[in-house]
1. With +1 on each Lys and Arg Cβ and -1 on each Asp and Glu Cβ, how big is the dipole of segment 55-112 about its Cα centre, in debye rounded to the nearest 20?
2. Under a point-charge model restricted to the Cβ atoms of Lys and Arg (+1) and Asp and Glu (-1), what is the dipole moment magnitude of the chain relative to its Cα centre, in debye to the nearest 20?
3. With the dipole of the chain worked out from charges on the C-beta (+1 for Lys and Arg, -1 for Asp and Glu) around the Cα centre, which of Leu103, Val61, Ala91 lies farthest toward the positive end?
4. For the chain, give me every cysteine whose Cβ has no other Cys Cβ within less than 4.7 Å, ordered by residue number.
5. Pull out the extension gain between Cys4 and Ile31, defined as 0.36 nm times the separation in residues minus the alpha carbon to alpha carbon distance; nm, one decimal.
6. Among Cys4, Cys25, which comes first, then next, by fewest other beta-carbon atoms within 10 Å?
7. Testing the spin-label approximation: label points 7 Å from Cα along Cα→Cβ at Ala11 and Ser110. State their distance in nm.
8. Assuming 0.36 nm per residue, please report the length gained on full extension of the stretch Lys18 to Tyr65 beyond their Cα-Cα distance.
Amino acid sequence: MNDCLFCKIIAGEIPSKKVYEDELCYAFYDIAPLAPTHFLVVPKAHLASAAEVTEESAAVVGHIYAVIAKLAKELGFSDGYRVVTNVGAIAGQTVHHLHFHVLAGKELGSFN
Ligand code: 5GP
Ligand code: ZN
């Protein structure tokens, strides 16, 4: 998508600190981390949010969760972590390209 920040990051037009990449997804550290480990995983194909996931595009979401599980083992936080995706401005979504926050490395507390 032309004017999308994360599409530009995926394309390398805006620099990012890469965690992982394959043909379907790209993972990079969040610029404003909320935990000792905080990175984002995005599908390379633009979707505005999880609200746009369809049966046709759903496989990439499962793939991203499998990638996160692998990275958790490799990066040493498989004992516990949080995966969050905000949908819409009312939920705090500021970048309208589907992304999964991965947070780890501290006591994350209850979610309410
Ligand atoms: P949201 O609020 O949409 O759920 O999450 C967007 C996230 O993207 C925020 O945590 C924010 O810090 C991060 N972010 C925004 N702009 C950039 C950027 O240019 N580079 C990186 N690495 N992260 C960004
Ligand atoms: Zn995009």
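1. Details: 4 positive and 5 negative charges, 36 e Å.
Value, rounded to 20: 180 debye.
2. On the way: 8 positive and 12 negative charges, 68 e Å.
The dipole magnitude comes to about 320 debye.
3. Leu103
4. By the Cβ distance rule, which asks for a partner under 4.7 Å, the isolated cysteines are Cys25.
5. Details: separation 27, 0.36 × 27 = 9.72 nm, distance 1.63 nm.
Length gained, Cys4 through Ile31: 8.1 nm.
6. Values: Cys4 15, Cys25 21.
Going from sparsest to densest Cβ surroundings: Cys4, Cys25.
7. Roughly 4.6 nm, to one decimal.
8. On the way: separation 47, 0.36 × 47 = 16.92 nm, distance 1.73 nm.
Stretched out fully, the Lys18 to Tyr65 stretch lengthens by 15.2 nm.
Coordinate-derived values only; no laboratory data. This is a predicted model, so every value here is computed, not measured. Reconstructed Cβ throughout: ideal geometry from the backbone, glycine too, with neighbour counts over all protein chains shown.
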